[in-house]
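The structure under discussion appears below in the form of structure tokens.
The values are calculated or read from the model by the stated rules, or taken from the named source; none is laboratory data. Source: prediction; values computed, not measured. Neighbour counts run over all protein chains shown; Cβ positions are idealised from the backbone, glycine included.
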Amino acid sequence: MGETNLYTEPQMNHIRMLYAEKVTMVDKWLGYLLDRHWIDGRLLASSRDGEARLNAYLDDYAYLIDALLELLQARWSGDDLALAVQLADVLLQHFEDCENGGFFFTADDHEALPLRMRPFSDDAMPSGNAVAAFALAPLAARNETFTWKLPKEIAPGTVEVVATVHYSRL
């Protein structure tokens, strides 16, 4: 039996065009983000009137690393990989809870708060802890030059905390 194509050649050309447009759009968005929100090796969470402010949170770093990894699958860029590594370094340096596992929602140099939360439950979107553990794995697994702990050393603490939080509610 011969090969069956789900799409005609004109349909495939249209899909390729839309895909290329989306990658171009993401590249423009990333350029804007780097120009306005990546200041002195740290990510800022919001901007108004062209001025970025407020330190970014765990979710901002984790989701951006994950988005960069997705973009790298669409088209390769050494600069994007280097940015993902820089983001991961900041994430581990400023957000990781080395004593109990997982990551805090705020950085260690954030304004003083009565309690630094470590969100583990998923709401409408996956928690920053889940996305961070998921996003760090491909970075550490494929590059021996990275200086942080492998996710197998980070993730068990995160998974243990998540299991404790979720199962204690049952």
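Residues checked against (1) out of contact with any Gly (no Cβ under 9 Å at 6 or more places or on another chain); (2) closer than 17 Å to Ala45 by Cα; (3) among the hydrophobic types (A, V, I, L, M, F, W, C); (4) surrounded by 17 or more Cβ atoms within 10 Å (Cβ to Cβ):
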| residue | (1), (2), (3), (4) |
| --- | --- |
| Asp80 | yes, no, no, yes |
| Leu83 | yes, yes, yes, yes |
| Leu87 | yes, yes, yes, yes |
| Phe105 | no, yes, yes, yes |
| Asp108 | yes, yes, no, no |
| Ala112 | yes, no, yes, no |
| Pro119 | no, no, no, yes |
| Leu136 | yes, no, yes, yes |
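Scan the stretch 90-122 for residues that are more than 20 Å from Trp38 (Cβ to Cβ) and charged (D, E, K, R) and jot them down. Glu96, Asp97, Glu99, Glu111, Arg116, Arg118, Asp122 - these are the residues of the stretch 90-122 that are more than 20 Å from Trp38 (Cβ to Cβ) and charged (D, E, K, R).
Considering only residues that are in a helix (DSSP H, G or I) and either touching a strand residue (DSSP E or B) at 6+ places or on another chain (Cβ under 6 Å) or hydroxyl-bearing (Ser, Thr, Tyr) (or both), which ones fall in the stretch 61-90?
Tyr61, Tyr63
Can you report the number of residues in the stretch 1-60 which are of a type in the set (Val, Ile, Thr) and within 28 Å of Glu96 (Cα to Cα)? The total comes to 1. If the condition is being in contact (Cβ under 8 Å) with a residue 40 or more places away in the chain and either over 24 Å from Leu113 (Cα atoms) or surrounded by 14 or more Cβ atoms within 10 Å (Cβ to Cβ) (or both), then the stretch 39-55 contributes Arg42, Leu43, Asn55.
Which residues, counting only those in the stretch 91-132, are touching a helix residue (DSSP H, G or I) at 6+ places or on another chain (Cβ under 8 Å), modelled with pLDDT under 85 and either under 12 Å from Asp59 (Cβ atoms) or not in a loop (DSSP other than H, G, I, E, B) (or both)? If the condition is that a residue be touching a helix residue (DSSP H, G or I) at 6+ places or on another chain (Cβ under 8 Å), modelled with pLDDT under 85 and either under 12 Å from Asp59 (Cβ atoms) or not in a loop (DSSP other than H, G, I, E, B) (or both), then Pro119, Asp122 are the ones that fit.
Based on what the data block shows, is Ala135 in contact with an Asp or Glu (Cβ under 8 Å, 6 or more places away or on another chain) and modelled with pLDDT of 80 or more? So Ala135 fits the description; yes.
Restricting the first member to the stretch 107-134 and to residues that are in contact (Cβ under 8 Å) with a residue 60 or more places away in the chain, and the second to residues that are outside any helix (DSSP H, G or I) and among the hydroxyl-bearing types (Ser, Thr, Tyr), the beta-carbon pairs closer than 6 Å and six or more apart or on different chains are Pro119/Ser127. Taken across the stretch 5-21, residues that are touching a Gly at 6+ places or on another chain (Cβ under 9 Å) and not in a helix (DSSP H, G or I) do not occur at all.
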